[in-house]
Amino acid sequence: MSTGDAERGQWRLDWPTSHGRVARAQLKSVPEDFGVEEILPVSGLIPGEGEHLCLLLKKTGDNTEFVARQLARMAGCRGFDVGFCGLKDRHAVTTQWFSLYRPGMESSDGDFIREVAVHWRVLASGRAPRKLRRGEHSANRFAIVLRNVEGLKAEIDEALNRLGEQGAPNYFGPQRFGRDGGNLDRALKIDPSQLNRRAGRAKRGSRGGRDGSKNVLYFSAARSWLFNEVLAARVSDGSWTTCLPGEPGERASGPMWGDGGTTATDDQEILEREVVGQWPELERLFAATRMQPERRPLVAQPQELNWEWQGVDTLEIRFVLPPGQYATTVLGDIFELEDMSLGRHNE
């Protein structure tokens, strides 16, 4: 695909797999088919005292941001005063922690928890000195049921064994880029100088804060897409699991592009700049920002991977991933997945 194609909105949203997909399957036929449990170092973050009430909730059919808004309304606090570690899907059964700023209200915690329990199951609670922040959880534990699996059982088992040993390319999922890459189309129209302005500092009554948040979303999509393109090049040449000369750190990684581009040197820098240089309209977004280049692992390595066939065409797969790695991306390296929660199934 050429840069001209990108400008017309024809973005690549399906990238090379490590060994080719060996089967087809349906995902999220019902919310119970996609279970996510947030793993949090509770003793360190929720010691039992502080101005923030923390709740471990189990929820079905509600995404993280919806629950956070409802908790803020129930607690009578600002949306900013509700904290959480990561975004969880709506079409799933998820367990995760939330924090609410409730200084000096310990005596009424019991009543508030009972009110929350009317809407979601409260598994645990505690007090903390500060709100929970993005990425503070140590991992997510997944239990995923795939239905109507089409493929040879022996090949699927072999691919899953290889996944446990080698991992999968750590792509960002296509949902980050919007429908047909719409977030990338919008990224092309961003004024890079606006990205340095903090959301909410626009004139009173203007839409600057909202527009600023959207720009950050589109900017993040552009950054993620460039990472995927570099990773795709590494998957295609077979180097995605090993470090190249000039690669920062001790494991294979790719660029989260920033001001100055990349922190890689030597062969790795040449490769990354060649790939990103094919998309000058996206690369230009980073020249006027103060965002520092970062690195992201090229390999998504599931831990505690195990699976069980529940009949000839139903497969349950369980594994643990660190924050920022996606279960659907990992499974998508083996299966061509049909997400039953999307489109006509999402009614």
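Where strands (runs of 3 or more DSSP E) sit wholly within region 1-111, those with at least 3 residues that are in contact (Cβ under 8 Å) with a residue 24 or more places away in the chain and within 30 Å of Asp237 (Cα to Cα) occupy 23-27.
Among the residues of region 164-184, those identified as in a helix (DSSP H, G or I) and in contact with a helix residue (DSSP H, G or I) (Cβ under 7 Å, 6 or more places away or on another chain) are Arg176, Phe177, Asn183, Leu184.
Restricting the first member to region 262-274 and to residues that are touching a residue at least 40 places away in the same chain (Cβ under 8 Å), and the second to residues that are of a type in the set (A, V, I, L, M, F, W, C) and part of a loop (DSSP other than H, G, I, E, B), the beta-carbon pairs closer than 9 Å and six or more apart or on different chains are Leu271/Leu244; Leu271/Ala264; Glu272/Trp257; Glu272/Ala264. Selection of first residues in region 228-256 that are at positive phi and of second residues that are outside any loop (DSSP other than H, G, I, E, B) and loosely packed, with under 15 Cβ neighbours inside 10 Å, restricted to Cβ pairs under 9 Å at least 6 apart or on distinct chains, gives the following pairs, ordered by first then second residue: Gly246/Asp266; Gly246/Asp267; Gly246/Ile270.
Of all residues in region 109-159, those satisfying the criterion of being aliphatic (A, V, I, L, M), in contact with a helix residue (DSSP H, G or I) (Cβ under 7 Å, 6 or more places away or on another chain) and under 17 Å from Leu305 (Cα atoms) are Ile144, Val145.
Screening Phe66, Phe84 for residues that are aromatic (Phe, Trp, Tyr) and either farther than 14 Å from Lys131 by Cβ or open to solvent by less than 10 Å² (accessible area, probe 1.4 Å) (or both) leaves exactly one candidate, Phe66.
Kindly establish whether Lys59 is surrounded by 19 or more Cβ atoms within 10 Å (Cβ to Cβ) and within 16 Å of Ala139 (Cβ to Cβ). It is false that Lys59 is surrounded by 19 or more Cβ atoms within 10 Å (Cβ to Cβ) and within 16 Å of Ala139 (Cβ to Cβ).
Each row is one residue, and each column tells you yes or no for (1) within 25 Å of Arg176 (Cα to Cα); (2) in contact with a Ser or Thr (Cβ under 8 Å, 6 or more places away or on another chain).
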| site | (1), (2) |
| --- | --- |
| Thr242 | no, no |
| Glu247 | no, yes |
| Ala252 | yes, yes |
| Pro255 | yes, yes |
| Thr263 | yes, no |
| Arg273 | yes, yes |
| Arg296 | yes, yes |
| Ala327 | yes, no |
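Just so you know, in region 162-184 the residues that are open to solvent by 30 Å² or more (accessible area, probe 1.4 Å) and at pLDDT below 95 include one that is farthest from Glu229 (Cα to Cα), and it is Arg179. On the stretch given as region 292-325, residues that are within 22 Å of Thr242 (Cα to Cα) and among the small types (Gly, Ala, Ser) total 2. Residues in region 235-254 that are touching a strand residue (DSSP E or B) at 6+ places or on another chain (Cβ under 7 Å) and either farther than 14 Å from Pro293 by Cβ or modelled with pLDDT of 95 or more (or both): Val235, Trp240, Thr241, Arg251, Ala252, Ser253, Gly254.
Just the residues that are charged (D, E, K, R), at pLDDT below 95 and in contact with a Phe, Trp or Tyr (Cβ under 9 Å, 6 or more places away or on another chain), please, taken from region 77-100. Matches in region 77-100: Arg78, Asp89, Arg90. Here the condition is being within 14 Å of Arg223 (Cα to Cα) and modelled with pLDDT of 95 or more; of Glu272, Glu283, Glu336, Glu316, it holds for Glu272 alone. For region 128-163, a residue qualifies if it is polar (S, T, N, Q) and assigned to a strand (DSSP E or B), and the qualifying residues are Asn140, Asn148.
Scanning region 1-45 for residues that are over 23 Å from the mean Cα position of the chain (by Cα), open to solvent by less than 20 Å² (accessible area, probe 1.4 Å) and modelled with pLDDT of 95 or more yields a count of 1.
Among the residues of region 113-128, at least one is open to solvent by 30 Å² or more (accessible area, probe 1.4 Å), of a type in the set (S, T, N, Q) and either at pLDDT 95 or above or out of contact with any Leu (no Cβ under 8 Å at 6 or more places or on another chain) (or both).
The values are calculated or read from the model by the stated rules, or taken from the named source; none is laboratory data. In this text, all values refer to a predicted model and were calculated from it rather than measured experimentally. Methodologically, a virtual Cβ is constructed for each residue, glycine included, from the backbone with ideal geometry; neighbour enumeration extends over all protein chains shown. In case anyone asks, the SASA skips ligands and DNA or RNA and just uses the protein heavy atoms, side chains included. Shrake-Rupley method; radii C 1.70, N 1.55, O 1.52, S 1.80 Å.
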